[in-house]
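**Q** Sharing a structure here in structure tokens format.
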Amino acid sequence: MGTWDVGPFDNDTAADFSYRVDEVPSEQRAGVLLAAFREVSGVGDDYLDADQAVEAVAAAALVAAQCPGGDPVTTSYAPEQPIPPLPAELRPAAVEALDRVLTEPSELLELWEESDGEEWKAGVLRLRTVLATTPAGD
């Protein structure tokens, strides 16, 4: 995986995920994000592959961007097409997926821990906080 910074879209896998999001019709984009969350959460206690985790973090950033206090996704590696308003039901799925990304055994977590990834981890925890603290009605 080529990684150039700590942001959710600062790697090749997330950029490829963005392309996949752009390729589906607007009304199907929420489903692509939900599938990324479910893939990670469905691993359970088994080893979580880094690519799956990266996609879930990128998807969570897209959901969090629509929450109060969420940061806009402005990188050129994010989806180019506008993300339609996303259902609030994605937020708990995103939180669950991020919790799994940050729980061993997680290849992405291990890779960042090997390279002093405190800034990356703090960014993921910021996403989680925004997603977890936004009421379902907002």
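The values are calculated or read from the model by the stated rules, or taken from the named source; none is laboratory data. As the structure is a prediction and not an experimental result, all values here were calculated from the model. FYI the Cβ positions are ideal-geometry reconstructions off the backbone, even for glycines, and counts take in every protein chain you see.
**Q** I'm trying to understand the selection: among the residues of region 18-47, which are over 18 Å from residue 93 (Cα atoms) and under 12 Å from the mean Cα position of the chain (by Cα)? Working first, answer last.
**A** To start, the set of residues in region 18-47 that are over 18 Å from residue 93 (Cα atoms) comprises 18-20, 22-27, 46-47.
Hit for region 18-47 is 18, nothing else.
**Q** Then there is this: Return the residues of region 103-137 that are surrounded by fewer than 17 Cβ atoms within 10 Å (Cβ to Cβ) and not in a helix (DSSP H, G or I); say none if nothing qualifies.
**A** Passing the criteria: 103, 104, 105, 115, 116, 135, 136, 137.
**Q** Also, I was wondering about something else. Scanning for something in contact (Cβ under 8 Å) with a residue 12 or more places away in the chain, closer than 21 Å to residue 7 by Cβ and of a type in the set (S, T, N, Q), does region 31-54 turn up at least one residue?
**A** Checking region 31-54: at least one residue is in contact (Cβ under 8 Å) with a residue 12 or more places away in the chain, closer than 21 Å to residue 7 by Cβ and of a type in the set (S, T, N, Q).
**Q** Out of the residues in region 1-49 that are β-branched (Val, Ile, Thr) and more than 16 Å from residue 86 (Cβ to Cβ), which is surrounded by the most Cβ atoms within 10 Å (Cβ to Cβ)?
**A** 40
**Q** Does region 53-65 contain at least one residue that is outside any helix (DSSP H, G or I) and either at pLDDT 95 or above or farther than 17 Å from residue 20 by Cβ (or both)?
**A** Yes, because at least one residue in region 53-65 is outside any helix (DSSP H, G or I) and either at pLDDT 95 or above or farther than 17 Å from residue 20 by Cβ (or both).
**Q** Mind checking which residues of region 76-96 are among the aliphatic types (A, V, I, L, M) and either in contact with a Pro (Cβ under 7 Å, 6 or more places away or on another chain) or assigned to a helix (DSSP H, G or I) (or both)?
**A** Going through region 76-96, the residues among the aliphatic types (A, V, I, L, M) turn out to be 78, 83, 86, 88, 90, 93-95.
Residues satisfying the conditions are 90, 93, 94, 95.
**Q** In this structure, is residue 73 under 13 Å from the mean Cα position of the chain (by Cα), assigned to a loop (DSSP other than H, G, I, E, B) and modelled with pLDDT of 95 or more? First the steps, then the outcome.
**A** Working: under 13 Å from the mean Cα position of the chain (by Cα): yes; assigned to a loop (DSSP other than H, G, I, E, B): yes; modelled with pLDDT of 95 or more: yes.
So residue 73 fits the description; yes.
**Q** Could you say whether any residue in region 32-47 is of a type in the set (Val, Ile, Thr) and touching a Gly at 6+ places or on another chain (Cβ under 9 Å)?
**A** no
**Q** Being over 14 Å from the mean Cα position of the chain (by Cα) and in contact (Cβ under 8 Å) with a residue 60 or more places away in the chain: is that true of residue 68 here? Working first, answer last.
**A** On the way: over 14 Å from the mean Cα position of the chain (by Cα): yes; in contact (Cβ under 8 Å) with a residue 60 or more places away in the chain: yes.
So residue 68 passes the test.
**Q** Hey, another quick one. Quick check on region 98-113. Is at least one of its residues among the hydroxyl-bearing types (Ser, Thr, Tyr), touching an Asp or Glu at 6+ places or on another chain (Cβ under 6 Å) and at pLDDT 95 or above?
**A** Filtering region 98-113 down to residues among the hydroxyl-bearing types (Ser, Thr, Tyr) leaves 103, 106.
With touching an Asp or Glu at 6+ places or on another chain (Cβ under 6 Å) added as a condition, the list becomes none.
No, region 98-113 contains no residue that is among the hydroxyl-bearing types (Ser, Thr, Tyr), touching an Asp or Glu at 6+ places or on another chain (Cβ under 6 Å) and at pLDDT 95 or above.
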